[in-house]
Amino acid sequence: MNCSISGEVPEDPVVSKKSGLLYEKRLIERHIADYGKCPVTGEALTMEDIVPIKTGKNVKPRSLTAASIPGMLGMFQNEWDALMLSNFALEQQLHTARQELSHALYQHDAACRVIARLKKERDEAGSLLAQAERQAPLPASAITAVSNGKRASEEEDMGPGAKRMRHGVSDSIIAELTECNAALSQQRKKRQIPPTLAHIDALERYTQLSSHPLHKTNKPGITSIDINPSKDIVATGGIDSNAVLFGRTSGEILSTLTGHSKKVTSVKFVAHNDVFLSGSADKTVRIWQGSEDGNYNCRHILKDHTAEVQAVTVHATNNYFVTASLDATWCFYDLSSGLCLTQVEDPTNSMGYTSAAFHPDGLILGTGTIGSTVRIWDVKSRGNVANFDGHTGAVTAISFSENGYFLATAAHDGVKLWDLRKLKNFRSFELYDQDTPTNSVDFDHSGSYLAMAGSDIRVYQVGSVKAEWNCIKTLPDLSGTGRATCVKFGPDARYLAVGSMDRNLRVFGLPEEDASTES
């Protein structure tokens with residue numbers, strides 16, 4: 001006997017007086033309360049028409065399917081089939097969701113690439129527009145100097161033999177250089193090592209603090225580094241033709257300077273007026289002016305060289321700078337106007353220049369040549385006053401000590417130290433094997449330490465002509481390229497900035513907890 005509503009054997013059966021049909025009590029009570037009639041015949045029906053039936057409560061009734069082993073196996077089979085169908089449906093839904101997610105991620109990646117390309121095109125268009133505006137012809141009444149380092153009237157600047165005429169270094173400029181030299185020389189006699197300078201034991205514990213990918217992956221390689229000590233900004237020049245300004249404290253890229261068409265070979269900060277210089281293998285030098293929003297705009301493009309510009313160095317007055325090129329000339333510029341005051345060419349020398357640096361006092365200029373010679377110049381007379389021979393290969397870097405007595409030069413065969421008072425070499429460091437050149441050398445600002453870079457980075461304590469120069473620390477080149485290309489001391493030698501042939505700027509120093517204890 002089954003319930004006329006559920007079709008199952010009722011646990012609490014009742015029967016209708018009118019129709020004689022059997023029901024489950026709880027089901028018929030709910031139906032009468034809702035509709036007031038029989039669910040089968042449709043006749044009016046009340047609870048008074050329902051008669052309960054007494055049954056045995058010892059054993060509950062079982063359905064026919066659960067009353068035998070075959071029936072139970074069939075029931076289990078049905079449950080298993082339902083479970084498998086449900087699982088299959090869930091797997092289909094998961095597969096569909098994964099496809100939709102993959103498609104959405106692909107669309108997002110494509111959108112990001114399009115946005116990046118549009119931003120790059122916008123920036124390049126803005127740069128070209130700004131360059132076109134700077135190079136537009138000026139009216140006749142305007143000043144004749146234009147931003148590309150040439151004058152508005154080319155004919156007026158051409159002398160005999162179609163050579164460009166220069167304004168020359170005037171007596172007032174020579175007086176300014178001489179006055180600066182006298183003041184700095186006098187200060188140097190009274191100068192003491194600052195108490196904030198990093199101690200030797202601190203340098204011995206230097207380790208890599210951070211690594212920052214600043215340049216493009218398709219053209220990796222950092223060729224030059226400079227540091228603005230007042231703002232703790234590190235500048236890098238890369239093979240990707242960009243110069244990058246990086247805030248060491250914030251750990252962020254402050255500005256990426258684009259415009260050069262070939263690798264940037266030299267970068268230099270000017271100590272005041274927020275000016276930055278970059279030299280490139282595209283034969284040009286650019287003068288960048290910082291703005292209030294933190295961006296740098298190209299103020300001048302200098303095109304006086306006919307070959308790659310290899311070095312840029314700033315005079316101590318911060319009003320003039322020199323560029324050295326593979327065309328075997330060096331140019332002396334006025335920083336404010338961007339004019340080349342003189343271009344020096346030695347008829348007895350046809351070797352291009354690969355490095356250059358001003359003496360701290362500003363009246364001596366050192367240049368390294370592709371032919372392994374170091375040439376010393378008197379800035380006032382633009383005359384070659386001394387030559388240092390002995391290197392093998394191109395002179396890759398030059399650094400004057402702050403004491404004014406020592407000059408360090410790097411080349412394929414290592415590093416040599418020169419005594420400027422006696423004009424002779426007093427010590428040589430053969431750091432690596434004959435196939436590994438030394439790419440960079442740098443005295444710290446106090447003249448207490450000397451850093452060298454090649455297949456690794458080595459820091460020496462500065463001695464004297466007779467006293468030993470001891471190696472304090474050797475840092476590995478963690479780029480994996482085996483070529484550390486440039487190295488620069490931070491303020492008070494508190495850290496070392498290193499560039500290599502990958503795209504990362506690496507900073508070596510003391511960990512923060514050790515640095516705070518040291519200070």
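The values are calculated or read from the model by the stated rules, or taken from the named source; none is laboratory data. Computed from a predicted model, the values in this text were never measured in an experiment. Positions of Cβ are backbone-derived with ideal geometry, glycine not excepted, and every protein chain shown enters the neighbour counts. Each accessible area value is taken on the protein alone, full model and side chains, heavy atoms only, with ligands, DNA and RNA left out. Shrake-Rupley method; radii C 1.70, N 1.55, O 1.52, S 1.80 Å.
Quick one: ranking Lys190, Lys268 by accessible area, 1.4 Å probe, largest first, what do you get?
Details: Lys190 150, Lys268 55 Å².
If we order Lys190, Lys268 from most to least accessible, we get Lys190, Lys268.
If you roll a 1.4 Å probe over the heavy atoms of the protein chains, what accessible area per residue do you get for the chain, in Å²?
Details: 27140 Å² over 519 residues.
That works out to 52 Å² per residue.
Report the calculated FRET efficiency for Ala132 and Gln208 (r = Cβ-Cβ distance, R0 = 56 Å), to the nearest 0.05.
0.80
Could you grab the relative contact order for region 1-56? Cα pairs under 8 Å, six or more apart, rounded to a whole percent.
34
What does region 171-514 give for Rg and for Dmax, in Å, if only its C-alpha atoms count?
18.6, 57
Ordering Met1, Met501, Met84 by accessible area with a probe of 1.4 Å, largest first, what comes out? Provide the component values of the computation, followed by the final result.
Details: Met1 175, Met501 45, Met84 80 Å².
Order by accessible area, largest first: Met1, Met84, Met501.
Roughly how many nanometres apart are two label points built 7 Å out from the Cα toward the Cβ at Asn403 and Lys54?
Distance between label points: 12.3 nm.
Would you mind estimating how fast region 1-111 diffuses translationally, via Stokes-Einstein at 4 °C and 1.567 mPa s with the Kirkwood radius over Cα pairs, in µm²/s? Provide the component values of the computation, followed by the final result.
Working: Rh = 18.4 Å.
It comes out at roughly 70 µm²/s.
How much length is gained on full extension from Thr46 to Glu252, taking 0.36 nm per residue of separation minus their Cα-Cα distance?
Details: separation 206, 0.36 × 206 = 74.16 nm, distance 8.37 nm.
Gain on extension, Thr46 to Glu252, equals 65.8 nm.
Quick one: Debye curve from the alpha-carbon atoms of region 1-56 only, equal weights, vacuum; give me log10 I(q)/I(0) at q = 0.16, 0.24, 0.30, 0.31 Å⁻¹ to two decimals.
For region 1-56 at q = 0.16, 0.24, 0.30, 0.31 Å⁻¹, log10 I(q)/I(0) is -0.39, -0.89, -1.39, -1.47.
Search the structure for amide H atoms under 5 Å from the amide H of Leu257, placed 1.01 Å from N in the peptide plane, and list their residues when 5 or more places away or on another chain.
Those qualifying (amide H under 5 Å, at least 5 residues apart or on another chain) are Ala243, Val244, Leu245.
What is the calculated FRET efficiency for Gln92 to Arg113, with r their C-beta to C-beta distance and R₀ = 35 Å, to the nearest 0.05? Please list the in-between numbers first.
On the way: r = 32 Å, r/R0 = 0.92.
In this case the efficiency is close to 0.60.
log₁₀ I(q)/I(0) of region 437-519 at q = 0.15, 0.24 Å⁻¹, via Debye over equal Cα point scatterers, no solvent, to two decimals?
Each listed q corresponds, in turn, to -0.55, -1.17.
Read phi for every residue in region 311-322 and hand back ³J(HN,Hα) as whole Hz from Karplus 6.51 cos²θ - 1.76 cosθ + 1.60, θ = phi - 60°, with x for Gly and Pro.
Whole-Hz 3J(HN,Hα) from phi for region 311-322: 8, 10, 9, 9, 6, 4, 6, 6, 10, 9, 8, 10.
Just flag the trypsin sites (Lys or Arg not before Pro) in region 413-519 sitting in loop per DSSP whose Cβ has no more than 13 other Cβ atoms within 10 Å. Write down the numbers at each step before the final one.
Details: sites: Lys416, Arg421, Lys422, Lys424, Arg427, Arg458, Lys466, Lys473, Arg483, Lys488, Arg494, Arg503, Arg506; in loops: Arg421, Lys422, Lys466, Arg483, Arg494, Arg503.
The qualifying sites are Arg421, Lys422, Lys466.
Karplus couplings for region 343-356 from phi (6.51 cos²θ - 1.76 cosθ + 1.60, θ = phi - 60°), rounded to Hz, Gly and Pro as x?
Coupling constants for region 343-356: 10, 9, 9, 8, x, 7, 10, 10, 7, x, 8, 10, 7, 7 Hz.
Of Thr369, Thr354, Thr46, which has the most accessible area and how do the rest follow, probe 1.4 Å? Write out the running numbers ahead of the final one.
Values: Thr369 0, Thr354 20, Thr46 65 Å².
Descending accessible area places them as Thr46, Thr354, Thr369.
Between Asp171 and Tyr106, what FRET efficiency follows from the Cβ-Cβ distance if R0 is 56 Å, with the result rounded to 0.05?
Efficiency, from the Cβ-Cβ distance: 0.20.
Report, in listed order, any pair from Lys189/Lys380; Lys263/Lys473; Lys190/Lys488; Lys189/Lys416; Lys216/Lys262; Lys219/Lys473 with a Cα-Cα distance greater than 20 Å. Display every interim value, and only then the final one.
Numbers: Lys189/Lys380 23 Å; Lys263/Lys473 31 Å; Lys190/Lys488 26 Å; Lys189/Lys416 26 Å; Lys216/Lys262 13 Å; Lys219/Lys473 31 Å.
Among Lys189/Lys380; Lys263/Lys473; Lys190/Lys488; Lys189/Lys416; Lys216/Lys262; Lys219/Lys473, the Cα-Cα distance tops 20 Å for Lys189/Lys380; Lys263/Lys473; Lys190/Lys488; Lys189/Lys416; Lys219/Lys473.
Remind me, relative contact order of the chain in percent, using alpha carbon pairs under 8 angstrom and six or more residues apart?
Details: 1100 pairs, mean separation 53.7, N = 519.
Rounded, it is 10 percent for the chain.
Can you list the HN-Hα couplings for region 373-379, worked out from phi with the Karplus curve (6.51, -1.76, 1.60; θ = phi - 60°), rounded to whole Hz and with x for Gly and Pro?
Values per residue, Gly and Pro as x: 9, 9, 10, 10, 10, 8, 5 Hz.
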